[in-house]
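Student: Dropping a structure here in structure tokens format, bear with me for questions.
The values are calculated or read from the model by the stated rules, or taken from the named source; none is laboratory data. This one's a predicted model, so the numbers in the text were calculated from it and none came from an experiment. So basically every Cβ, Gly included, is an ideal-geometry build from the backbone, and we count neighbours across all protein chains shown. These area figures cover heavy atoms from the full protein model, side chains too; ligands, DNA and RNA do not enter into them. Shrake-Rupley method; radii C 1.70, N 1.55, O 1.52, S 1.80 Å.
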Amino acid sequence: MKKIFITALTAVLAVMSVNAQCNEKKGACCGGFTPSWFVQFQGGVQMPYTPGDKGDLLSPAWAINFGRNISPLVSARIGIEGVNSKVFNAYTGEKENFKYATGSFDAMLNVTNIFTKKYCHPVNFYLIGGVGCNWSGMGTTNSSKFSPTVRLGAQVDWRVAKNVALNLEY
């Protein structure tokens, strides 16, 4: 008999990124733009979309991304995320654990910079879209599989220092 798992909607609730994007010689943080590299360390929680109230399915989540601010509007990043997650088995009605890891490539559109020519905002809003490959493995059945992923999301980025930003990504 085939088991059905409902894991369609997950949310990363707390994210932190460290960005190196200022080049004081060229005035990048004072109105000009200079392409720059960044790294994001992300951590948070996820909860699969399940029927009924299943608050006990909260699981920690983590990710690391490496990226480049290509233009004032577009950034790209490559990353990996993973967790030991909990899911609801719709067939048996029980919760089960599984491990997963997702490698991804994302494009990020800086919506804030669409409306201004000043590229040094304390708060930036991004739209995120990408593709990836997911590996998941069930410990109870000793089975694993690979599947393609499509990624859509948004991010609010708050610059707390010259090269450090905190953000929330969904």
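Student: Being in contact with a Lys or Arg (Cβ under 6 Å, 6 or more places away or on another chain), open to solvent by less than 40 Å² (accessible area, probe 1.4 Å) and over 30 Å from TRP37 (Cα atoms) is the filter here; which residues of region 75-110 pass it?
Tutor: Answer for region 75-110, where residues must be in contact with a Lys or Arg (Cβ under 6 Å, 6 or more places away or on another chain), open to solvent by less than 40 Å² (accessible area, probe 1.4 Å) and over 30 Å from TRP37 (Cα atoms): PHE88, ASN89.
Student: So in region 99-109, with the set limited to residues that are at pLDDT 95 or above and out of contact with any Asp or Glu (no Cβ under 9 Å at 6 or more places or on another chain), which one is farthest from GLY130 (Cα to Cα)?
Tutor: LEU109
Student: Sticking with this one: Quick check on my filter: what residues within region 119-137 are part of a loop (DSSP other than H, G, I, E, B) and open to solvent by 40 Å² or more (accessible area, probe 1.4 Å)?
Tutor: Those that are part of a loop (DSSP other than H, G, I, E, B) and open to solvent by 40 Å² or more (accessible area, probe 1.4 Å): TYR119, CYS120, PRO122.
Yes/no per residue for (1) modelled with pLDDT of 80 or more; (2) more than 21 Å from the chain's Cα centre (by Cα):
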| residue | (1), (2) |
| --- | --- |
| THR7 | no, no |
| ALA20 | no, no |
| ASN23 | no, yes |
| GLY44 | yes, no |
| ALA61 | yes, no |
| PRO72 | yes, no |
| ASN84 | yes, no |
| VAL87 | no, no |
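Student: Pairs, please: C-beta under 9 Å, at least 6 apart or cross-chain, first residue over 16 Å from SER59 (Cα atoms) and in region 78-100, second part of a loop (DSSP other than H, G, I, E, B) and open to solvent by 60 Å² or more (accessible area, probe 1.4 Å)?
Tutor: Between residues of region 78-100 that are over 16 Å from SER59 (Cα atoms) and residues that are part of a loop (DSSP other than H, G, I, E, B) and open to solvent by 60 Å² or more (accessible area, probe 1.4 Å), the close pairs are ALA90/LYS3; ALA90/ILE4; ALA90/PRO51; TYR91/MET1; TYR91/LYS2; TYR91/LYS3; TYR91/ILE4; THR92/LYS3.
Student: Something else: For GLY67, state whether it is over 30 Å from CYS120 (Cβ atoms) and modelled with pLDDT of 85 or more.
Tutor: Spelling it out, it is not the case that GLY67 is over 30 Å from CYS120 (Cβ atoms) and modelled with pLDDT of 85 or more.
Student: Another question, if that's okay. Take region 89-114 and flag every residue that is more than 19 Å from ASN167 (Cβ to Cβ) and in a loop (DSSP other than H, G, I, E, B).
Tutor: ALA90, TYR91, THR92, GLY93, GLU94 - these are the residues of region 89-114 that are more than 19 Å from ASN167 (Cβ to Cβ) and in a loop (DSSP other than H, G, I, E, B).
Student: Considering only region 138-170, how many residues are modelled with pLDDT of 85 or more and either in a strand (DSSP E or B) or loosely packed, with under 12 Cβ neighbours inside 10 Å (or both)?
Tutor: Summing the residues that are modelled with pLDDT of 85 or more and either in a strand (DSSP E or B) or loosely packed, with under 12 Cβ neighbours inside 10 Å (or both) in region 138-170 gives 23.
Student: Based on what the data block shows, is THR116 more than 23 Å from GLY44 (Cα to Cα), surrounded by fewer than 18 Cβ atoms within 10 Å (Cβ to Cβ) and free of Cβ contacts under 8 Å to residues at least 12 places away in the same chain?
Tutor: So THR116 passes the test.
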